[in-house]
Each structure stands twice: as structure tokens, then as C-alpha cells.
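The values are calculated or read from the model by the stated rules, or taken from the named source; none is laboratory data. The structure presented is a predicted model; accordingly, all values stated were derived computationally and were not measured. Here the Cβ is made from the backbone with ideal geometry for all residues, glycine too, and neighbour counts use every protein chain on show.
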Amino acid sequence: MSTSPGPERRTSDEAVTDHPEITYIGCARCGTLIAGLDGRYACSGCGWVNEWTEGHRPLPGARRRRA
């Protein structure tokens with residue numbers, strides 16, 4: 001299943017949340033529609049993954065575990 005070449009993003013008028021946003025894109029290798037969090041993708045069909053730095057916003061920091 002092929003889709004448009006670019007990721008689906010929210011418009012600037014929509015509110016930004018603290019939670020990850022689910023985004024969709026066509027796999028760069030095989031064209032399968034895949035979903036990712038904040039622009040970070042991994043295709044289960046062919047194994048393609050995009051570089052983690054290509055995400056839409058920085059990754060969250062690690063939280064401390066309670067002892």
C-alpha cells in the first residue's frame with residue numbers, strides 16, 4: 001500500500017501536547033504504510049528504520065526509578 005511521500009503532521013493551529021504524537025508515512029524502502037511516534041518509524045515489513053534524529057521533537061529524558 002503506497003501513500004504520500006511526506007509524514008502527516010498537525011497544523012500550527014493545533015495544540016502541542018506533552019504526549020507522543022502518532023504519525024504515519026509510507027516506508028522509504030517498500031512503501032508500506034507505517035505508524036510511528038513523533039516522526040520515528042520502523043517498518044515491520046522490510047525492517048527499514050529512520051534515524052532517531054529525524055523525529056519531530058527531542059526525545060524525553062530518562063525518569064528516575066523509585067527505590
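Where residues in the range 50-67 are under 15 Å from E21 (Cβ atoms) and not small (G, A, S), which of them is surrounded by the most Cβ atoms within 10 Å (Cβ to Cβ)?
Among residues in the range 50-67 that are under 15 Å from E21 (Cβ atoms) and not small (G, A, S), the one surrounded by the most Cβ atoms within 10 Å (Cβ to Cβ) is H56.
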Item to complete: Restricting attention to the range 27-45, report how many residues are crowded, with 19+ Cβ neighbours inside 10 Å and assigned to a strand (DSSP E or B).
Response: 2
Discussion item. What pairs come out if I take residues in the range 19-37 that are more than 13 Å from H56 (Cβ to Cβ) and at pLDDT 95 or above and pair them with residues that are outside any loop (DSSP other than H, G, I, E, B) and of a type in the set (S, T, Y) whose C-beta lies under 8 Å away, six or more apart or interchain?
Written reply: L33/Y24; I34/Y24; A35/T23; A35/Y24
